[in-house]
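Presented below is the structure to which this report refers.
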Amino acid sequence: MIDAAAAAVAWPEPLGRLRRWSGILAAYFTTQTVTQLAGVAAGLLLVRALPVRELALYTLALSVVTLFTVTTDLGSTTSLLHFFQRERDAARFAAFGRAVRSLRRALFLVGALAVLAAFPLAAAAEGFGARESLPVAAGILLCVWFQIDSSLRLLALRLADRYGRSYRAELAGALLRLGAVALLVGLALLEAWLAVLATAAGTALAARLAAAGRPEPVPAETESAAGGGSE
């Protein structure tokens with residue numbers, strides 16, 4: 001027979017976990033919904049407002065951003081999840097994070113040369129001159145550079161149980177991009193490089209906010225009885 005007093009003591013722990021994770025999931029779905037809607041709204045504004053020629057160049061740029069981002073990652077960021085579960089020393093885990101950042105930045109520097117060489121050629125094949133393609137290429141580099149820091153810092157926040165801060169950083173970045181796009185449309189500054197720059201600005205803000213007060217994540221094996229929060 002289970003001791004009634006022990007059961008009474010044990011009950012609040014799973015109940016507390018349920019309440020905590022319910023709050024985390026509610027915040028996640030709420031902020032992700034708004035973040036995605038902001039992204040869709042920004043995209044629709046650009047599709048409706050940009051001249052066909054500028055929209056074609058912008059679309060080409062976004063394709064390069066996506067490919068370049070994948071190339072500079074190659075699964076290295078998600079590999080930190082494995083080290084987080086395996087490594088017992090928080091300092092050593094932090095070293096893994098720095099190594100991944102260094103690796104991604106090294107890949108970025110190599111890829112940047114390729115982008116600066118190949119993107120103007122690809123754009124020229126579609127009838128765009130260097131004066132149009134080079135500012136867009138610079139915007140591509142900014143997007144990917146800030147994405148490296150953004151993805152790593154957001155992951156670090158979540159591993160450190162700072163879900164709320166990570167969600168707010170993502171949301172702020174998406175809203176800044178939407179606001180920047182709306183401003184460009186309102187001022188009739190309908191150029192592809194400015195649209196790419198708006199995307200880079202949103203990513204930069206997310207990275208900046210994620211870095212503010214960012215703690216080093218503590219691997220699960222080393223966590224003490226101190227409870228985590230969802231700040």
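Out of contact with any Leu (no Cβ under 7 Å at 6 or more places or on another chain) and either buried (at least 22 other Cβ atoms within 10 Å of the Cβ) or farther than 21 Å from Thr35 by Cβ (or both): which single residue out of Ala160, Ala138 fits that description? Give the derivation first.
On the way: Ala160 fails: either buried (at least 22 other Cβ atoms within 10 Å of the Cβ) or farther than 21 Å from Thr35 by Cβ (or both).
Answer to the check: Ala138.
Cβ-Cβ below 6 Å, separation at least six or inter-chain, first residue in region 175-189 and in contact (Cβ under 8 Å) with a residue 60 or more places away in the chain and under 18 Å from Ala204 (Cα atoms), second crowded, with 17+ Cβ neighbours inside 10 Å and among the polar types (S, T, N, Q): which pairs?
What qualifies is Arg177/Thr199.
Looking at (1) at pLDDT below 85; (2) closer than 24 Å to Gly202 by Cα; (3) surrounded by fewer than 18 Cβ atoms within 10 Å (Cβ to Cβ); (4) not charged (D, E, K, R), find the lone condition where Thr31 falls short.
Result: Thr31 fails condition (3) only.
Within region 36-58, how many residues turn out to be farther than 22 Å from Gly186 by Cβ and not aliphatic (A, V, I, L, M)? Show your work before the answer.
Of the residues in region 36-58, the ones farther than 22 Å from Gly186 by Cβ are 36, 56.
Now narrow it down to the ones that are not aliphatic (A, V, I, L, M): 36.
Of the residues in that region, 1 qualify.
What number of residues in region 173-231 are at pLDDT 55 or above, surrounded by 12 or more Cβ atoms within 10 Å (Cβ to Cβ) and in a helix (DSSP H, G or I)?
33
The values are calculated or read from the model by the stated rules, or taken from the named source; none is laboratory data. This one's a predicted model, so the numbers in the text were calculated from it and none came from an experiment. Methodologically, a virtual Cβ is constructed for each residue, glycine included, from the backbone with ideal geometry; neighbour enumeration extends over all protein chains shown.
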